[in-house]
Amino acid sequence: MSTTIIEVREAPVELTLRQRWSHYFAIIYAILAVIIGINLRDTALYATVPYSNPQVGITAFYPNHWLIDNSGNYVFRVRDMSQTGFKTAMQVNIIPINQDMTTRNILETLILNRSQTDSTFRVLSQEPIQLSDGTEATQMRSTFVASDEDPFLESIPTVVERLDVIAVQGGQAIIISFLSDAQTFESNYPRFEQFLNDIDF
Amino acid sequence: MSSRTRTITPDEIEQERYPFRRAWPSIIVEIAILAGVCVGVYFITRLLNIQLSGLPLSIVEAALIAVPVILWIVFSLMREQAADLPRFRLLIVMIITLLAANAVTIPAADALFQTSDWLPHEATIQRILGYTFTLGVAQAITQYLVVYYCVYPRGLRVRADSIAYFAAASVGYAAMLNIHFMLNSTPALDVLALTVFANQATSLAMSFMLAFGLAEVRFASPTPFLMMIMLALSALIFGASVTLRGGLVNGGFSLLGSEASPLYGFAFSTILLVAVGVVIAFFFRTAERREEEAALAQAP
């Protein structure tokens, strides 16, 4: 005995060519919009402002909306004031050196000074690098703990990661530093990379 | 002799019963009650200076976030069962949109666009464009794709189906936006109340645009670019809404001090929703009338 199965289905609704293209155009628009969105993001995130100091011979491009100040013991410093907690900063400093000093001497001096003034200072690594214009330099990664300057805020101290790039040129050492909350260091690092690539001294 | 009473007016023509649930009245009732609840919570919290914390606050916040979903279940989903020809996939559309928003759209948009890092610092026009091409498009395409792949074309039997399904998608997406806002921002109760309304109103206004586009594509023969244009306008509504509402709500800097004006934001969301709703309802009515006239013209 054989069993016959009768399957009852509704007739499929055929889409017209116009309806198909309507859907494709919607998808294409969404893809294009995402590309435009990413482009807008990059334009805004990586927008820079030129900085020039003919006295020390430095030209740099720092991130738009960052606060610049040159009143400290550095040539200039820029900080991202929109960040909560520790403000990500990039600073450029110039130290006159004598002919006999090497990068190693400068590094040791920096480590000695910082260790004496900050008990939380720790060196993580030192390695030679080459800047985008071919200049030989040395980079040093270190950490320290930053507390809020206002004791009444009762905030938890932040572990800060610091990257110093030291290049010796024309009888002076140029120290380009990047300071960021250790938790956001990697995400903020591309800004510093761009800053380092654009700086001219 | 016949006892039948004769009147000079013709006998009443028996109207054919409309077999589908009417989508617009449900939406109006839901949004009106939601507005009342949110404004009520805002004033009660402000006037009585209620400051909840811990578990009681979490319970009240969760209840507030559930209000739009509950209203939609009561006035749309449950009333659907009373219709002669109910729409079967409303709940599926709502849940899939909610899950897609949580699992794909919101995390992907946050990771890809990082809007909180750059958009708040931009000027008004850039912010409108920025939100349009990032979060706006992400939300619009999510709602569109869910409705398209869940119900299109068979689920759209009449134009009102499009409104009903996109309204379901908007409820799902707005619910997930509200949950993320509650969990990530830990807002005060009055702020959450008005944000819940704003998210729902914006999401609904966007869905009206998408609903009109898809209904036209299904029942008329518009240009193939129409759906794309409606998607773009829908995203633009999001961009304009977020930017302009933010500008109205946040207090400006002044020597006299500044204070946030959340009720301006509420008024803006309401006006936006009503304006978009009236325009789209007019377009729907015009399209339906055009269709009826075309059918009458073709009748022998």
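The values are calculated or read from the model by the stated rules, or taken from the named source; none is laboratory data. Predicted model, so just to flag it, every value in this text is computed and none were measured. Note: ideal-geometry Cβ built from the backbone for every residue, glycine included; neighbour counts use all protein chains shown. Calculation scope for accessible area: heavy atoms of the full protein, side chains included, ligands and nucleic acids excluded. Shrake-Rupley method; radii C 1.70, N 1.55, O 1.52, S 1.80 Å.
Considering every residue within region A:66-77, establish whether at least one is modelled with pLDDT under 95, aromatic (Phe, Trp, Tyr) and either assigned to a helix (DSSP H, G or I) or open to solvent by 80 Å² or more (accessible area, probe 1.4 Å) (or both). No, every residue in region A:66-77 fails to be modelled with pLDDT under 95, aromatic (Phe, Trp, Tyr) and either assigned to a helix (DSSP H, G or I) or open to solvent by 80 Å² or more (accessible area, probe 1.4 Å) (or both). In the set (1) within 12 Å of another protein chain (Cβ to nearest Cβ); (2) surrounded by 19 or more Cβ atoms within 10 Å (Cβ to Cβ), the condition left unmet by residue A:35 is number (2).
For (1) open to solvent by 30 Å² or more (accessible area, probe 1.4 Å); (2) part of a strand (DSSP E or B); (3) without any contact (Cβ under 8 Å) to a residue 40 or more places away in the chain, each residue gets a yes or a no:
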{"site": "A:114", "(1), (2), (3)": "yes, no, yes"}
{"site": "A:119", "(1), (2), (3)": "yes, no, yes"}
{"site": "A:128", "(1), (2), (3)": "yes, yes, yes"}
{"site": "A:152", "(1), (2), (3)": "yes, no, yes"}
{"site": "A:156", "(1), (2), (3)": "yes, no, yes"}
{"site": "A:160", "(1), (2), (3)": "no, yes, no"}
{"site": "A:163", "(1), (2), (3)": "no, yes, yes"}
{"site": "A:179", "(1), (2), (3)": "no, yes, no"}
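None of B:239, B:213 is assigned to a helix (DSSP H, G or I), over 26 Å from residue B:26 (Cα atoms) and either within 13 Å of chain A (Cβ to nearest Cβ) or charged (D, E, K, R) (or both) except B:239.
Would you check if residue A:40 is within 14 Å of chain B (Cβ to nearest Cβ), free of Cβ contacts under 8 Å to residues at least 40 places away in the same chain, open to solvent by less than 60 Å² (accessible area, probe 1.4 Å) and part of a loop (DSSP other than H, G, I, E, B)? No: the conditions fail for residue A:40. The helices (runs of 4 or more DSSP H) falling completely within region B:109-190 that include 2 or more residues that are open to solvent by less than 40 Å² (accessible area, probe 1.4 Å) and away from every other protein chain (no Cβ under 14 Å) map to B:159-185.
Scanning region B:211-233 for residues that are closer than 23 Å to residue B:292 by Cβ and among the small types (Gly, Ala, Ser) yields B:211, B:213, B:215, B:220, B:221.
Considering B:210, B:233, the condition of being open to solvent by 30 Å² or more (accessible area, probe 1.4 Å), touching a residue at least 24 places away in the same chain (Cβ under 8 Å) and under 22 Å from residue B:133 (Cα atoms) is satisfied by B:233 alone.
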